[in-house]
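Undergrad: Before we start, here is the structure in question, set down as structure tokens.
Values quoted throughout were computed directly from the atomic coordinates according to the rules given, and no laboratory measurement underlies them. Small disclaimer: the values here were computed from a predicted structure and weren't measured. No Cβ is skipped: glycine too gets one built from the backbone with ideal geometry, and neighbour counts run over all protein chains shown.
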Amino acid sequence: MRMHSTKRYRARLARGLRMLRRQYKNSLKSKDKTAAVYREWLRDNHYLIEREGKAALRELRRSRPAREALFPVLALCRGLCAQDGPLEGEALAASLLRARCKSAGVALAPLALRLALIESAVNSAKDADVKSIGGAVTGLRALPDMDFAAVLEQVSPLERCLRRDPAGVYPRMEESSRAVYRHLLALRAKKKKRSEEEEAQSLLDRAAGASGPDRHVGTALFRQAHHPRRGAALLACESLLPILLAGALASLLQAWPLLPLLCLPLTALCRVLLEALFLRGTQSIPLPRVELAGWSPGRAAR
């Protein structure tokens, strides 16, 4: 299979969704009995395909996965979607294990499976294929019930390694937070030119010999992601630059009493420009969240 860039793939999928939307609008007006069953499926479930398609496109745009990681897993998911029967996590895990996918590709399995189902729905429009659109809709409805965390733990060596966190925090975190950890670790491993599993094991060894917060495997990851020097430079520039500019303008206008008044708008303007400059290339890191599994802090306090 020829691997295009993710940008070209995203554009092609967006065109397919627009085509499906046009067909949906035409089906609302059509009274032709040909392919009536297909049109009924499309009318009843287009909102689901549209919603999941837009969500998948946003995820592709945000995460920008490498094509070497995404497309092999996407090909596996296409094969699963083409099979008869419901989608199951065990079948996905078995396919990933047989293909010996790397950890980076395994982490993209939820996105790849959603993309494969959307592709199936889009391609069904060509021949008004009831089986394809029916399978796609059924699969999209079943996605929220699939335990991707269990699949990832079973298949990914990186996930199994991180779950041995000496502090015991990583296994209790939500999947979205664990994904942030895996992403930061992948960047760190790429920078050091070593495998993700080796880098994770190095972090585990360091955390096992530490105490306090440093026993958590993610402490070193987040410490690496911070930019203290850049932050200090940003604060210094935000404090000094407006005063210097206000002084220069007051001197130019020969109106020194205006100096305090000029500082206020210049401070707001400089803050916007300086933050855009200094924060360029940095990534915001969300606060890791732990799964409560039905436990409520307020309920426990009572």
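Undergrad: Sort 42-53, 104-115, 131-142 by the packing proxy (mean of other Cβ within 10 Å over each peptide's residues), most packed first.
TA: 104-115, 131-142, 42-53
Undergrad: Given the DSSP H assignment, sum -39500 (n - 2.57) over each helix run of at least 4 residues in the chain and divide by its residue total; what's the result at 222 nm in deg cm²/dmol, nearest 500?
TA: Theoretical 222 nm ellipticity from helices: -23500 deg cm²/dmol.
Undergrad: Take the alpha carbon gyration tensor of the range 85-195, find the square roots of its eigenvalues, order them as a ≥ b ≥ c, and report rounded if a/c is under 1.5; if not, report prolate when a/b exceeds b/c, else oblate.
TA: prolate
Undergrad: Compute the long axis of helix 175-192 from its Cα atoms, compare it with the longest principal axis of the Cα atoms of the chain, and write down the angle in degrees, 0 to 90, nearest 10.
TA: 70 degrees
Undergrad: Looking at the P(r) of the chain, how many percent of alpha-carbon pairs lie beyond 29 Å?
TA: Numbers: 24400 of 45451 pairs.
That fraction is 54 percent.
Undergrad: Oh, and also: Provide the gained length on full extension for the span Glu198 to Arg43, in nm with one decimal, where the gain is 0.36 nm per separating residue minus the Cα-Cα distance.
TA: On the way: separation 155, 0.36 × 155 = 55.80 nm, distance 5.02 nm.
Length gained, Glu198 through Arg43: 50.8 nm.
Undergrad: Would you please give the residues with an amide H less than 5 Å from that of Met173, counting only those at least 5 places away or on a separate chain, with H modeled from the backbone geometry?
TA: Under 5 Å from the amide H of Met173: Glu291.
Undergrad: List the relative contact order of the chain as a percent without decimals, with contacts defined as Cα pairs under 8 Å and 6+ residues apart. Write out the running numbers ahead of the final one.
TA: Details: 260 pairs, mean separation 45.2, N = 302.
Value for the chain: 15 percent.
Undergrad: Would you be so kind as to identify which of Trp41, Leu97, Leu108 lies farthest towards the positive end of the dipole of the chain, taking Lys and Arg as +1 and Asp and Glu as -1 on Cβ and the Cα centre as origin?
TA: Of the options given, the answer is Trp41.
Undergrad: Hey, another quick one. Residue by residue through the range 142-151, what is 3J(HN,Hα) from phi via Karplus (6.51 cos²θ - 1.76 cosθ + 1.60, θ = phi - 60°)? Round to whole Hz and write x for glycine and proline.
TA: 3J(HN,Hα) across the range 142-151, in whole Hz: 8, 4, x, 8, 7, 8, 5, 4, 5, 4.
Undergrad: What angle, in degrees between 0 and 90 and rounded to the nearest 10, separates the Cα long axis of helix 36-63 from the longest principal axis of the Cα atoms of the chain?
TA: Helix 36-63 sits at roughly 30 degrees to that axis.
Undergrad: On a 0 to 90° scale, report how tilted helix 6-29 is relative to the longest principal axis of the chain, with both axes built from alpha carbons and the result rounded to the nearest 10.
TA: Result, in degrees: 60.
Undergrad: Efficiency by 1/(1 + (r/R0)^6): what FRET value for Trp256 and Arg230, r their Cβ-Cβ distance, R0 = 45 Å, to the nearest 0.05?
TA: 0.85
Undergrad: Let me see the P(r) profile for the range 6-155: every Cα-Cα distance counted, bins of 10 Å, each bin given as a percent of all pairs.
TA: Binned Cα distances yield the sequence 11, 42, 33, 12, 3, 0.
Undergrad: If you don't mind, there's one more thing I want to ask. Roughly how big is the chain's charge dipole about its Cα centre, with Cβ charges of +1 (Lys, Arg) and -1 (Asp, Glu), in debye to the nearest 20?
TA: Its charge dipole is roughly 1000 debye.
Undergrad: Using alpha carbons only, how many angstrom separate the centre of the range 4-25 from the centre of the range 175-229?
TA: Their Cα centres are 37 Å away from one another.
Undergrad: Order of 249-260, 80-91 by packing, highest average Cβ count within 10 Å first?
TA: Highest to lowest by the protection proxy: 80-91, 249-260.
Undergrad: Okay, moving on. Please list, or write none, the lysines whose alpha carbon is within less than 28 Å of the alpha carbon of Lys193, excluding same-chain residues fewer than 8 places away.
TA: Lys7, Lys102
Undergrad: Treating each Cα of the range 228-278 as an identical point scatterer and ignoring solvent, apply the Debye formula and state log10 I(q)/I(0) at q = 0.23 Å⁻¹.
TA: Those come out to -0.77, one per q.
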